[in-house]
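Undergrad: Shown below is the structure under consideration.
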Amino acid sequence: MKNAIYVLVENKFGVLARISTLFAARGFNIDSLAVGETEDPDISRMTIVVDGDEKIVEQVEKQLNKLIDVIKVSNLSGTDHIQRDLALIKVSVNKTNRAELIKIVGIFKAKIVDMTNTSMVLEIAGDEKQIESFIEVLKPFRIKEMSRTGVIAMAVK
């Protein structure tokens, strides 16, 4: 079961390295990791997605709370929260498939952010299932390149 954990940390050199080392040393795999500054430039927010049961997530939380630079750890699983992922996908296009691809982009509420005679760069934001479905539909168009942010999440309350 995938669990989203958000961690507020001091925005200092080496914090990300210490957290990723903690995961590696304990044998925990990070499915997704997104880090960015918060409304306070001295604090960064990490959204970490781990695959595991309650015991694993509890262990991860305990280990994170032991780190000096960690301000707060919250497990968003089981709470009202919003999760989003962003993907940029470059696909091959030609005169015959361009119109079909534009229709697909509209159906998925994605955006065309760049277009040439031979390729199109698409942007989509949504939950992981929506992005995975979009990628699956794009496979026949030959995906040339793809970049994803990883999951970001925020509690609703």
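The values are calculated or read from the model by the stated rules, or taken from the named source; none is laboratory data. From a predicted model like this one, the values you see are computed outputs, not experimental measurements. All Cβ positions, even for glycine, are placed from backbone atoms using ideal geometry, and neighbour counts span all protein chains on display.
Undergrad: Which one of these does residue 96 not meet: (1) in a loop (DSSP other than H, G, I, E, B); (2) more than 18 Å from the chain's Cα centre (by Cα); (3) within 16 Å of residue 4 (Cβ to Cβ)?
TA: The number of the failed condition is (3).
Undergrad: Among the residues of region 53-75, is there at least one that is modelled with pLDDT under 90, within 30 Å of residue 144 (Cβ to Cβ) and out of contact with any helix residue (DSSP H, G or I) (no Cβ under 8 Å at 6 or more places or on another chain)?
TA: Scanning region 53-75 turns up no residue that is modelled with pLDDT under 90, within 30 Å of residue 144 (Cβ to Cβ) and out of contact with any helix residue (DSSP H, G or I) (no Cβ under 8 Å at 6 or more places or on another chain).
Undergrad: Further question: Within region 96-104, identify whether any single residue is over 22 Å from residue 123 (Cα atoms) and either acidic (Asp, Glu) or without any contact (Cβ under 8 Å) to a residue 12 or more places away in the chain (or both), and answer yes or no.
TA: Scanning region 96-104, I find no residue that is over 22 Å from residue 123 (Cα atoms) and either acidic (Asp, Glu) or without any contact (Cβ under 8 Å) to a residue 12 or more places away in the chain (or both), so the answer is no.
Undergrad: Of all residues in region 82-91, which are modelled with pLDDT under 95 and closer than 15 Å to residue 123 by Cα?
TA: 84, 85
Undergrad: Exactly one condition in (1) of a type in the set (S, T, N, Q); (2) without any contact (Cβ under 8 Å) to a residue 40 or more places away in the chain; (3) in contact with a Lys or Arg (Cβ under 9 Å, 6 or more places away or on another chain) is false for residue 149; which is it?
TA: Unmet condition: (2).
Undergrad: Further question on the same structure: If you scan region 1-43, which residues turn out to be within 19 Å of the chain's Cα centre (by Cα), among the charged types (D, E, K, R) and surrounded by 13 or more Cβ atoms within 10 Å (Cβ to Cβ)?
TA: Within region 1-43, 2, 31 meet the criteria.
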